[in-house]
Amino acid sequence: MKSLYLFIDLFSLLGPLVLSFDKKVAFYKNWKALFPAIAIMMLVFIPWDVVKTAKEVWGFNEDYLLGITIINLPLEEWLFFICIPYACIFIYECLNAYVKTDLLAKVYKPLLTILAIVLIATGLVNYVKWYPATAFPYAGVLLLLMLYVVKSPYMSRFFLAYLVTLIPFLLVNGMLTGSWIAEPIVWYNSEEIFNIRIGTIPVEDTIYNLGMLGTVVVVYEYFKSVFTTKAQGH
């Protein structure tokens, strides 16, 4: 099925897109902050993806692709970086709207600080493995910057959303890496990962997602504050 990866992308986007017009969340009103944030994230993650694909850290099964490539990446992979962040930030905003209690307020700072240090150390120790050597330090440094430089007031909310989004993220990645079809849509070089898997999903993917979503959120929240300030100024 040549369009399978495309179908998974669109399946991931459909529900959040339709529900974006829910009156309480009104996610569509934040599109002007969201799409530039996604674009800026892609400026980091697309070159990263291009290099990793060229180094055969991971790759794509052409049997499930349309055959359209842009800078050596399939069109479906480009769409992944739009559809998945859209769906995850939608969940982030839903939690902000419907869960009024800040559930992680008392624990997020030490928890994320320890996590960041562990990620950086793990990536440095395993410098010979391309995937953890890049994804882990990136996520760790980003967390420290968000906590202590940007001093993001939404960090506890972001981390809660990240934990919640792991469920649909793992579902989608399970479809991409799983054995429910003859060959996985996305494959990984066992020499460049830990080979610790959640089902068929390399554990590195969860940290990659943390870095990707953290990048989107910090830019998204910045643009939201800018647009809010301008609106109030008028």
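The values are calculated or read from the model by the stated rules, or taken from the named source; none is laboratory data. Everything quoted here is computed from the prediction, not taken from an experiment. Here Cβ is always computed from backbone atoms with ideal geometry, including for glycine, and neighbour counts include all displayed protein chains.
Among the candidates ILE89, ILE84, single out the residue that is in contact with a Leu (Cβ under 8 Å, 6 or more places away or on another chain) and either on the phi < 0 side of the Ramachandran plot or not polar (S, T, N, Q) (or both). Break it down stepwise before answering.
Working: ILE84 fails: in contact with a Leu (Cβ under 8 Å, 6 or more places away or on another chain).
That would be ILE89, the only listed residue that is in contact with a Leu (Cβ under 8 Å, 6 or more places away or on another chain) and either on the phi < 0 side of the Ramachandran plot or not polar (S, T, N, Q) (or both).
Can you confirm whether ILE70 is surrounded by fewer than 15 Cβ atoms within 10 Å (Cβ to Cβ) and not aromatic (Phe, Trp, Tyr)? Walk me through how you get there before you give the answer.
Numbers: surrounded by fewer than 15 Cβ atoms within 10 Å (Cβ to Cβ): yes; not aromatic (Phe, Trp, Tyr): yes.
Taking the combined requirement at face value, the residue satisfies it.
In the stretch 21-41, which residues are surrounded by 13 or more Cβ atoms within 10 Å (Cβ to Cβ) and not in a helix (DSSP H, G or I)?
ASP22, VAL25
State which residue is surrounded by the most Cβ atoms within 10 Å (Cβ to Cβ) when the search covers only the stretch 42-57 and only residues that are touching a strand residue (DSSP E or B) at 6+ places or on another chain (Cβ under 9 Å) and free of Cβ contacts under 8 Å to residues at least 60 places away in the same chain.
Looking only at the stretch 42-57, we keep the residues that are touching a strand residue (DSSP E or B) at 6+ places or on another chain (Cβ under 9 Å), and these are 46, 49-50, 52-53, 57.
From the residues that got through so far, the ones that are free of Cβ contacts under 8 Å to residues at least 60 places away in the same chain too are 46, 49-50, 53.
Values: ILE46: 16, ASP49: 21, VAL50: 15, THR53: 17.
Filtering the stretch 42-57 for residues that are touching a strand residue (DSSP E or B) at 6+ places or on another chain (Cβ under 9 Å) and free of Cβ contacts under 8 Å to residues at least 60 places away in the same chain, the one surrounded by the most Cβ atoms within 10 Å (Cβ to Cβ) comes out as ASP49.
Of the residues in the stretch 6-41, how many are small (Gly, Ala, Ser) and free of Cβ contacts under 8 Å to residues at least 40 places away in the same chain? Lay out the reasoning, then the answer.
To start, the set of residues in the stretch 6-41 that are small (Gly, Ala, Ser) comprises 12, 15, 20, 26, 33, 37, 39.
This time we only want the ones that are free of Cβ contacts under 8 Å to residues at least 40 places away in the same chain, so: 26, 39.
Here the count works out to 2.
Scan the stretch 176-195 residue by residue and report those that are at pLDDT below 95 and either hydrophobic (A, V, I, L, M, F, W, C) or under 21 Å from GLU93 (Cβ atoms) (or both).
TRP180, ILE181, ALA182
Given LEU166, LEU170, which one is in contact (Cβ under 8 Å) with a residue 40 or more places away in the chain and closer than 14 Å to ILE201 by Cβ? Working first, answer last.
Working: LEU170 fails: in contact (Cβ under 8 Å) with a residue 40 or more places away in the chain.
Residue meeting the stated conditions: LEU166.
Would a scan of the stretch 51-61 turn up a residue that is farther than 30 Å from ALA26 by Cβ and of a type in the set (S, T, N, Q)? So that I can check it myself, show each step before the final result.
In the first step, residues of the stretch 51-61 are kept if they are farther than 30 Å from ALA26 by Cβ; the result is 51-61.
The next check asks that each one be of a type in the set (S, T, N, Q); those that pass are 53, 61.
Checking the stretch 51-61: at least one residue is farther than 30 Å from ALA26 by Cβ and of a type in the set (S, T, N, Q).
Just for the stretch 149-175: of the residues that are among the polar types (S, T, N, Q) and in a helix (DSSP H, G or I), which one is farthest from TYR92 (Cα to Cα)?
Here the residue is ASN173.
Hey, among the residues in the stretch 209-230 that are touching a Phe, Trp or Tyr at 6+ places or on another chain (Cβ under 8 Å) and either surrounded by fewer than 17 Cβ atoms within 10 Å (Cβ to Cβ) or of a type outside the set (D, E, K, R) (or both), which one's farthest from ASN126 (Cα to Cα)? Working first, answer last.
Just the residues of the stretch 209-230 that are touching a Phe, Trp or Tyr at 6+ places or on another chain (Cβ under 8 Å), to begin with: 209-215, 217, 221.
Applying the additional criterion that residues be either surrounded by fewer than 17 Cβ atoms within 10 Å (Cβ to Cβ) or of a type outside the set (D, E, K, R) (or both) yields 209-215, 217.
Details: ASN209: 19, LEU210: 19, GLY211: 18, MET212: 21, LEU213: 23, GLY214: 23, THR215: 23, VAL217: 28 Å.
Looking at the filtered set, the residue picked out is VAL217.
If you scan the stretch 106-148, which residues turn out to be surrounded by fewer than 13 Cβ atoms within 10 Å (Cβ to Cβ) and not in a loop (DSSP other than H, G, I, E, B)? Can you show your working first?
If we filter the stretch 106-148 for residues that are surrounded by fewer than 13 Cβ atoms within 10 Å (Cβ to Cβ), which is where we start, we get 106-107, 110, 114, 118, 125, 127-128, 148.
Scanning the stretch 106-148 gives PRO110, ILE114, VAL118, VAL125, TYR148.
Taking the condition of being over 16 Å from LEU119 (Cα atoms), of a type in the set (S, T, N, Q) and in contact (Cβ under 8 Å) with a residue 24 or more places away in the chain, how many residues in the stretch 194-214 meet it?
1
Test GLY140 against the stated conditions and say whether it is under 27 Å from LEU13 (Cβ atoms), without any contact (Cβ under 8 Å) to a residue 40 or more places away in the chain and of a type in the set (Gly, Ala, Ser). Explain how you work it out, then say what you get.
Details: under 27 Å from LEU13 (Cβ atoms): no; without any contact (Cβ under 8 Å) to a residue 40 or more places away in the chain: yes; of a type in the set (Gly, Ala, Ser): yes.
In short, no.
Could you check the stretch 203-223 and list, in sequence order, the residues that are assigned to a helix (DSSP H, G or I) and out of contact with any Leu (no Cβ under 9 Å at 6 or more places or on another chain)? Step through it out loud before you land on a result.
Initially, the stretch 203-223 is screened for residues assigned to a helix (DSSP H, G or I), giving 204-223.
Correct list: GLU204, TYR208, MET212, LEU213, VAL217, VAL219, GLU221, TYR222.
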